[in-house]
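Have a look at the structure below, then the notes.
The values are calculated or read from the model by the stated rules, or taken from the named source; none is laboratory data. If you're wondering where the values come from, they're calculated on a predicted model, not measured in any experiment. Positions of Cβ are generated from backbone atoms using ideal geometry, with glycine treated the same way; all protein chains shown enter the neighbour counts. What goes into the accessible areas is simple: the full protein's heavy atoms, side chains included, and nothing from ligands, DNA or RNA. Shrake-Rupley method; radii C 1.70, N 1.55, O 1.52, S 1.80 Å.
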Amino acid sequence: MTPAAAAAALGARLADLLAVAWIAAFAAVAASFALAYPFGHAFDEIEHFSMIVALREAPTLFPDYGSYRILAADRSGWTDLANYIAHPSLYYLAMGPLAGLFPGDVRPVRLAGAALVLVGLLAAWIAGRRRLASAGDRLVFTFALFGLPATWGVAALVNNDTALVCEFGLLFAALAGA
């Protein structure tokens, strides 16, 4: 192997290690935030969790959205406040059993959401890496995919966007031929 080829191989290995470290940091921050961030302080998280609980109590694919309420901040019961969330019900129905295992505890649902985001981003990352020739391009792709600040927050909170990120990643992977 020539010195130039050896240097290129070493550079590619270092880029791959940096990419994996960046992905691990993403996962660690999302999980830490999911476990530690106070519930109810993030935009519309209580509304999303309220829909999970409501649809766990009375599952339906076609909810009457105008009839749902918001849980109290301590999750001890329902308030008189109307819940304005009107998203498709599949995410809420899927998270319902998990919320039922740990009543009132948002952390398992948050961690499941972080896992959904991680699965989607990893699927997109694997597919994208296969299409990029240089280590530098793959590294930039990694930073772009796992580096959006909004994605770090979305991954750690209760919201249906976690399912959307997972769907995006799987669709990207399918379209990229992975």
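Divided by 2.2 N^0.38 Å, where N counts the residues, the Cα radius of gyration of region 134-178 comes to 1.31. A helix-only calculation puts the chain at -22500 deg cm²/dmol for mean residue ellipticity at 222 nm, using -39500 (n - 2.57) for each DSSP H run of at least four residues, averaged over all residues. Put the Cα centre of region 1-29 next to the Cα centre of region 34-95 and the gap is 42 Å. For ARG69, the residues 5 or more places off, or on other chains, whose built amide H falls under 5 Å of its own are ASN83. Roughly how tilted is helix 107-131, in degrees to the nearest 10 and between 0 and 90, from the longest Cα axis of the chain? So the inclination is approximately 30 degrees.
Under the criterion of Cα pairs below 8 Å and six or more residues apart, the relative contact order for region 2-158 equals 33 percent.
Per-residue 3J(HN,Hα) values for region 149-163, derived from phi via the Karplus relation 6.51 cos²θ - 1.76 cosθ + 1.60 with θ = phi - 60°, read x, 4, 5, 4, x, 4, 5, 9, 10, 6, 6, 6, 5, 4, 5 Hz in sequence order (x marks Gly and Pro).
With N the number of residues in the chain, Rg(Cα) / (2.2 N^0.38 Å) evaluates to 1.25.
Computed over neighbours whose Cβ is under 14 Å from that of ASN160, the net charge equals -4, Lys and Arg +1, Asp and Glu -1. Overall, the accessible surface of region 12-123 at a probe of 1.4 angstrom is composed of carbon and sulfur to the extent of 69 percent. Fraction of C-alpha pairs exceeding 13 angstrom in region 62-104: 63 percent, rounded to a whole number. Net charge dipole, the chain: roughly 720 debye, given to the nearest 20, about the Cα centre with Cβ charges of +1 for Lys and Arg and -1 for Asp and Glu.
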